[in-house]
1. Rg to Rh ratio, segment 53-180, alpha-carbon atoms and Kirkwood radius?
2. Indicate the gyration tensor shape class of segment 77-147 (rounded, prolate or oblate), computed on the Cα atoms with a ≥ b ≥ c the square roots of the eigenvalues: a/c under 1.5 is rounded; otherwise a/b larger than b/c is prolate and the rest oblate.
3. Just subtract the alpha-carbon distance of A72 and A125 from 0.36 nm times their residue separation and send over the number in nm, one decimal.
4. What does the C-alpha gyration tensor say about the overall shape of segment 115-180? Classify as rounded when a/c is under 1.5, otherwise prolate if a/b is larger than b/c, or oblate.
5. For segment 37-95 and segment 109-180, what is the centre-to-centre distance using only Cα atoms, to the nearest Å?
6. What relative contact order, as a whole-number percentage, does segment 56-180 give when Cα pairs under 8 Å and 6 or more residues apart are counted?
7. In the structure shown, do any of K88/K109; K61/K136; K49/K136; K92/K126; K86/K110; K64/K136 have a Cα-Cα gap over 28 Å, and if so which?
8. Across segment 31-45, in residue order, what do the Karplus-derived ³J(HN,Hα) couplings come to in whole Hz, using 6.51 cos²θ - 1.76 cosθ + 1.60 with θ = phi - 60° and x for Gly and Pro?
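The values are calculated or read from the model by the stated rules, or taken from the named source; none is laboratory data. None of these values were measured; they are calculated from a predicted model. When we count neighbours, we look across all protein chains shown, and the Cβ atoms used for this are built from the backbone with ideal geometry, even at glycine. Heavy atoms of the whole protein, side chains included, go into the accessibility calculation; ligands, DNA and RNA do not. Shrake-Rupley method; radii C 1.70, N 1.55, O 1.52, S 1.80 Å.
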Amino acid sequence: TDPIHLPRHARTEKSAFRKKQSYTRTHIQTMGDLKASFTAFASYGAGGKEVAEMESKNFFKCIKDSGLIDKALTQTDCDLIFTKVKTKGARKINFAEFCAALEHVAAKKKVSVDEVKNIISSSSAKTTGTIAEAVKYHDDKSLYSGVYANGGPTNVDREKQGLQNHLDRSEADVRGVKKH
């Protein structure tokens, strides 16, 4: 039970071994939550597909929706951090690179990495939108008038079109005189 490998708050406790075990359990649980948050933010806007790599816009959304954006950490800082941790030539980051980016975010915010990871683990993607109000003449079909009262305009004729309506295909003799 080497107290050097424990987090700073656990080094001062008398029961260092028990604190190390609980820290490991919490750390693993937090990493699972962090991985779930990473996947959720990386998949945001992907049409319901689960994505394993995160784009720059999703990284910024993750940081912004977690409430970490302020004067100390701006969108430009997030873009620079993203560029710093991604593989050269790549456009996306994986989970390991995401964890490295969080270390840079923590350094920029002057807080611990665990605190940043806990904040992101407990946050989720926020979506905003508008809900249309009721419109009397649009929603109530009994109030439709004109062409729309009969089903609306159409670009398809009600009668079948074809040569049978334009040509006379009745019986005729050799000269084209109709047989009665």
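1. Working: Rg = 33.4 Å, Rh = 21.1 Å.
Radius of gyration over Kirkwood radius for segment 53-180 works out to 1.58.
2. Working: a/c = 5.02, a/b = 2.85, b/c = 1.76.
In terms of gyration-tensor shape, prolate.
3. Values: separation 53, 0.36 × 53 = 19.08 nm, distance 2.18 nm.
In short, 16.9 nm is gained.
4. Working: a/c = 10.69, a/b = 2.75, b/c = 3.89.
In terms of gyration-tensor shape, oblate.
5. Rounded to whole Å, the Cα centres lie 37 Å apart.
6. Working: 67 pairs, mean separation 23.5, N = 125.
Worked out over segment 56-180, it gives 19 percent.
7. On the way: K88/K109 25 Å; K61/K136 38 Å; K49/K136 38 Å; K92/K126 21 Å; K86/K110 22 Å; K64/K136 39 Å.
Flagged as over cut-off: K61/K136; K49/K136; K64/K136.
8. Per-residue couplings from phi come out as 5, x, 5, 5, 5, 5, 5, 4, 5, 5, 5, 5, 7, 4, x Hz.
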